[in-house]
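First up is the structure itself, then whatever we jot down about it.
The values are calculated or read from the model by the stated rules, or taken from the named source; none is laboratory data. On a predicted model such as this, the values are computed, not experimentally measured, just so you know. In this analysis, Cβ positions are derived from the backbone assuming ideal geometry, glycine residues included, and neighbour counts consider all displayed protein chains. Just the protein is used for accessible areas: all its heavy atoms, side chains included, with ligands, DNA and RNA removed. Shrake-Rupley method; radii C 1.70, N 1.55, O 1.52, S 1.80 Å.
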Amino acid sequence: MKKVLYYSVILFFIGACQKEINFDLSDHQAKLVVNGHLYNDSLISIDLSISGQITQSVVQPYVNGVVELFDKDTNQLLTLNNDGNGRYFSSIYKTQANTIYFIKIKTNERIYWIREETPDTVFSEIKDSSRFFFQGNEAYFQLKLELNDKSILKNFYEIKVKRFYKEWNGIDSINKQEWVDINTQEFVLTESPTSRYSKKQLLFSDRFFNGQKINLNLGMFGLFNTPQQRTTHLQVYVSSLSLNAFNYYTSINEHLFFQNDPFTQPSQIIGNVPDAYGAITGRYLNVETIVFK
Amino acid sequence: MRAFIFTLVCVLMSVCKVHSQTNVLEIPIDVKLKNATLEELLLKIESVSDVKFNYVASLLPPNKQKYVFKKVPLAILLSQVLKPHQLTYTLMFGNSIVFSPIQTSRKVGVFSGYVSDVNTGEKLINAFVIDLMTLQSTYTNEDGYYSLSLKEDSIKLMVAYVGYENQYKSVIWSKNQKIDFKLKGNFELDNQRISAYYPVDMKFKSDEFVIHSSTLKKIPMMFGESDVLKSLQLLPGVIAGNDGTIGLNVRGGGNEHNLFLLDDVPIYNPSHIYGFFSIFNSDVVKQVKLLKGGNSARYGGRLSSVIDIRTIDGNKERLKTQLSIGVLSSKISVDGPIDKSKKTTLMFSARRSYLDLFTNLLNIANVFPTNSRYFFYDINAKISHQFSANHHVTISAYTGNDVSFINNEFSIKSPTQNLKEKDRQSIFWGNSLFSIRDYHLLHPKVSAWLNLAITNYEFGNGSEYQYEETKNNRIIENKFENRFVSNINDVITSYNVQYNVNSYLKIKSGLGFTRHTFARNIRSSTNAVNVPDFFESSIQFSFEYSAYSELQLQLRSNFDLNAGVYYAAFVTNNNVFNLPQPRLSINYEPFPKFYLHYAYQRTSQFLHLLTNYSVGLPLDLWLPSTNKALPEFSDLHSTGLKYSGVKGFEFGVESFAKKLYNVIDYKDQSSYLGSETNWEDKITIGNGMARGLEFMVEKTKGKTSGWISYTISKNTRQFNEINQGKPFLYKYDRRHQLSVLINHRFSSQIDCFLSWVYASGARITLPEEIYTVNNGISLSEVFVYGERNKYQMPANHRLDFSFNFKKNKKKYTRIFSAGVYNAYNRLNPFYVIPAFNVEGNRVFKAVSLFPVLPSVNYKIVF
């Protein structure tokens, strides 16, 4: 009987297989791809690359560009350095919160203009944290975060948690880090259908607590339950985002969520670079650290 | 002597007005006389058969003429040769036929009654009733009732029905007469269609196709599960969805544009197992009717087609039990009378899959250990009570569910520690309905029925987590539960009247009201401190009012017309949408056996389906029309011709052009939501256009019967916000579709069905470009998709066959079926994904789900 079952199932799954097929794809016209971040009090970093045909496995960096930064009155502030590998950066100049910037990207073919406004300061504080036991081991961690939305304007936020841990390979310990999944039942964090696209990056707006303080309970599983690992500390990243950043990250998460689902309409990534892909996004970042002894 | 016999006949006929005749009149006659009198013809017939004619010679005309009949039933032959001379006939003593003059009455008499199965008492829908003398004909309605208004004294009624012996009755005229027919089933007979012998053939309804349960149960299907909806995929104009699914795309419409009716009650999601099987249990299905154009005005609410499924009422003669064991599921069906007077019948059927038992076995065998379970079940029940010959009431119920869940449990029990952990994730969906049908025969010409029904479709998912630990007198408890349920519930009431004014004119009218309730509940609870329970509930009501009226008019013996209008008004959120929907269908027979047909219909649909493009998946959401998402409507013109002049064959060609308005789709590159929040912002409305030609050749006689159907069609959509406003091909624009169905009867106990289908590949949107993004978490490769549905998947084709072995035992009948699905193991693509090949290059891969699948089914009927 076991054999019959075994062979029946094997037969079914062998038959239900994947087969490579060729499509006559349209001619590919490469486009510029921009990935840039404007953080508060941080150096600027912008990556330029070129989109490839789907069958290409390597994306080419764009190394011949010129990237310049302008203020809201289009006065040039600086020209970014080119590292020759597609990265354009400032050595000294730092962007500020709540400021409008224009970025000009000049390629061999054309010029692109991007407008981005860095968001206002974020006010957040970790109020409490607790550790729960699971199957005899310490496995669940919960923290209470206070977020103060002082502005009556519409604001967008992002919460991420990075875990730093030591891993033993038998002889040595290696320091590692990873973004962790955040579990929450909080209404403001789960009410939007887009909230399910990523557990590592919680993206939400202030529409249910505009101008008010709110306490958010966040939980994390699996921080402690591997004998070979020991979590040393957590970093809690709370950011206020520009609208462009919020749309960009949300659409990326949505796209990645559905990317391998053949039954959905593909989702579009919402950038802010006209006639090109990608975005330059502004954020105000606040990082707090929880150390485990 | 002959005069004496004639007188005797008249006396006998006046005493016994109704005389049942069957055998002699069915004898096929082969006669070819170039120049002969009628008497010579009769002598010739006597010489080639056992029939004896008795007549007064002076009644017969002396003139000579040509008589050519090739295997024409005697009843038809006599009607054709006697009618011009105002003569009629009566069968006496088994094989003696007596002639007499026709005497036309001045008044019209109404001949009506029910047509039913002699063994089960089951009423037969769409049985063909004809008076062979006047050639006036009709069909029985959904309650097996017919009515003919006839003038002549001598009336020869014949009733024909698929898989049953024809029955004849001679009747003497009277004002109102009730004549019931009880037909005898005969599996030796052709079971596809009624033969083309009769002077007025089955009326040409190329837009309409009926599959009877006897055929339905034998068509080979996946896992041997006969499936109503998959059988319809073999018909012209019906484009299948993905391979193996029940998707029906009728003449350019989508699956959401089909109205599925189970005993007149709409079903919102007729699928089990994520769309691979339909919910309709073939053991209780009496008849399936597909209307793909020229619909009766009584149907409304969907754009493309009506799939009208009728279940059996229950055996009136004896209790019948059917047990069936298949690869996927088992069924039990019981039907029969529940009182001595046999006025009340019961039908009950239950089916359950055992995929979960199969996964249990896998666990035991440790082949693929899994904690996931899946099963479906459905239950049909019906009680019919005949209060009188003119009044009966039917109460029907259906419930069915699909449940899929993953259970994880963990526990430790020791003197110092007691730990228990449970985790359960589930998804479930199902339909349930309840209906009461009250049928009254108000007058031999007037029947009326009241329908009261509730139909409900529910989809939900949930997760539960429970953790309890007692250690060193310390108790830790964690608990949370989430549950999401979305459902649509309709309360329906309608009243319908059919008035058979005379044999040439019928009027049908009705009124209807439906209250739609769209509800969504989200519940979340936990025992965590500072986390309150969350409960959100939304409910929305919409009201649909409808009225219809239609005329069925036979203008001449070879020309009939069906014209009507369906009017519907939809009220939701202070918006009122209304639309009159005219319907027209014309049939004309310019030459014998050659039929022309034209139909026009406008249909509307007030409910939109937000679908994730996989046919029948439970995550589909039904939503009402709004100011942004206006009601959908369509116009369909179809023309066709049919020729049945070649004995045993029917040839049909039909063309159609359908325009769809206000159909919805997701905007370019916006994804399926899984929630109706802001759904209006995600969708766009546009138009569609479908054109096509359908061909069908059907063999109706002989041991080998079946059909070949071919459809060539083009189906496009156009939306301002999709594809830069340019028209694009619909996902299921399968340009060519060919189906072959062959049934061969080896004997009365063994037969074989074989089907082969070919369809052009479905359309698909593919990624054309790739680039890298940084979302602050990681670098990820993302795709840029090309034009909507620009590419085409490889074609689908598949061969299925099944053998059915029937054996009558003393106390029961057993039927054993064995079959093979996808006999030559064609890997039909189900979907296409980008993936990496062994060399590490990104390529496209087509994923196929169903290889060759043998199946067996064992059934006992007692």
Item to complete: Return the sequence-ordered ³J(HN,Hα) values of the range B:577-588 in whole Hz as given by the Karplus equation 6.51 cos²θ - 1.76 cosθ + 1.60 applied to θ = phi - 60°, using x for Gly and Pro.
Response: 10, 9, 7, x, 10, x, 9, 8, 9, 10, 10, 9
Item to complete: Output the peptides A:200-206, B:484-490, B:774-780 sorted from most to least packed, where packing is the average of other Cβ atoms within 10 Å over each peptide's residues.
Response: A:200-206, B:484-490, B:774-780
Discussion item. Explain nothing, just compute: Karplus ³J(HN,Hα) = 6.51 cos²θ - 1.76 cosθ + 1.60, θ = phi - 60°, for every residue of the range B:447-464 in order, whole Hz, x for Gly and Pro.
Written reply: 10, 8, 9, 10, 10, 10, 8, 10, 10, 9, 10, 10, 10, x, 9, x, 9, 10
Worksheet item: Taking all protein chains as present, what is the carbon and sulfur share of the accessible area of the protein assembly as shown, in % to the nearest whole number, probe 1.4 Å?
Response: 55 percent
Discussion item. As I understand it, the value is the acute angle between the Cα axis of helix B:38-48 and the longest principal axis of the Cα atoms of chain B; what does it come to in degrees, rounded to 10?
Written reply: 60 degrees
Worksheet item: If you take the charge dipole of the range B:311-861 about its Cα centre, with +1 on Lys and Arg Cβ and -1 on Asp and Glu Cβ, which of B:ASN558, B:SER748, B:LEU623 is farthest toward its positive end?
Response: B:SER748
Fill in: Scattering curve values for chain B, log₁₀ I(q)/I(0), Debye with Cα scatterers, q = 0.07, 0.08, 0.10, 0.11 Å⁻¹
-0.61, -0.79, -1.18, -1.41
Item to complete: Assuming a ≥ b ≥ c are the square roots of the Cα gyration tensor eigenvalues, decide whether chain A counts as rounded (a/c under 1.5), prolate (otherwise, with a/b larger than b/c) or oblate.
Response: oblate
Item to complete: Kindly rank A:21-29, A:235-243, B:232-240 from highest to lowest mean number of other beta carbons found within 10 Å of each residue.
Response: B:232-240, A:235-243, A:21-29
Worksheet item: On a 0 to 90 degree scale, rounded to 10, what angle separates helix B:355-365 from the longest Cα axis of chain B?
Response: 50 degrees
Worksheet entry | Helix B:2-15 vs. chain B, principal-axis angle (Cα, 0 to 90°, nearest 10) | 40 degrees
Practice prompt. Provide a whole-number value for the mean count of partner chain Cβ atoms within 10 Å of the Cβ atoms in peptide B:761-772.
Written response: 6
Worksheet item: Based on the Cα coordinates of the range A:32-117, what is the per residue volume of their convex hull in Å³?
Response: 95 Å³
Fill in: Part-to-part distance (alpha-carbon centres) for the range A:188-212 and the range B:306-360, which is given in Å
50 Å
Discussion item. Ranking request for peptides B:24-37, A:170-183: highest mean number of other beta-carbon atoms within 10 Å first, then the rest in descending order.
Written reply: B:24-37, A:170-183
Discussion item. With Kirkwood's inverse mean 1/r over C-alpha pairs for Rh, give me the Rg to Rh ratio of the range A:123-291, two decimals please.
Written reply: 1.01
Practice prompt. Give the cross-link partners of A:LYS200 among the lysines, using a straight C-alpha distance below 22 Å as the criterion and excluding same-chain residues fewer than 8 apart.
Written response: A:LYS127, A:LYS144, A:LYS160, A:LYS162, A:LYS166, A:LYS176
Worksheet item: If R0 is 35 Å, what FRET efficiency do you get for A:LYS213 and A:ILE174 from their C-beta distance, rounded to 0.05?
Response: 0.30
Worksheet entry | Helix-derived mean residue ellipticity, 222 nm - over the protein assembly as shown, DSSP H n ≥ 4, -39500 (n - 2.57), to 500 | -2500 deg cm²/dmol
Discussion item. When 1/r is averaged over all different Cα pairs and the result inverted, which Kirkwood radius in Å belongs to the range B:394-500?
Written reply: 18.4 Å
Fill in: Dipole axis of chain A (+1 Lys, Arg; -1 Asp, Glu on Cβ), positive-most option in A:GLY271, A:THR184, A:ASN260
A:THR184
Practice prompt. Give the span of the range B:251-329's Cα atoms along each principal axis, as three whole-Å numbers ordered largest to smallest.
Written response: 41, 32, 17
Response to the item:
So the FRET efficiency between B:TYR643 and B:ILE750, C-beta based with R0 = 35 Å and rounded to 0.05, is 0.60
Practice prompt. Over all alpha-carbon pairs of the range B:59-100, lay out the pair-distance distribution in 5 Å bins, whole %, shortest bin first.
Written response: 5, 18, 29, 26, 18, 4, 1
Worksheet entry | Accessible solvent surface per residue of the range A:123-291, calculated while the other protein chains remain in place, 1.4 angstrom probe, Å² | 43 Å²
Worksheet entry | Residue mean of other protein chain beta carbons inside 10 Å, B:472-485 | 1
Worksheet item: Using the eigenvalues of the Cα gyration tensor, what equivalent ellipsoid semi-axes result for the protein assembly as shown when each is taken as the square root of five times the eigenvalue, whole Å, largest first?
Response: 70, 32, 27
Fill in: Peptide A:21-28 - average C-beta neighbours from other chains (10 Å radius)
5
Worksheet entry | Shielded residues, the range A:57-77 - accessible-area loss of 20 Å² or more between chain alone and all protein chains, probe 1.4 Å | A:SER57, A:VAL59
Worksheet item: Got a sec to turn the phi values of the range B:647-659 into Karplus ³J(HN,Hα) couplings, 6.51 cos²θ - 1.76 cosθ + 1.60 with θ = phi - 60°, whole Hz, x for Gly and Pro?
Response: 4, x, 10, 10, 10, x, 10, 9, 10, 9, 9, 10, 10
Worksheet item: Between B:SER96 and B:ASN35, what is the FRET efficiency for a Förster distance of 35 Å, r being their Cβ-Cβ separation, to the nearest 0.05?
Response: 0.80
Discussion item. Ratio of alpha-carbon Rg to the 2.2 N^0.38 Å globular estimate for the range B:257-403, to two decimals, please.
Written reply: 1.26
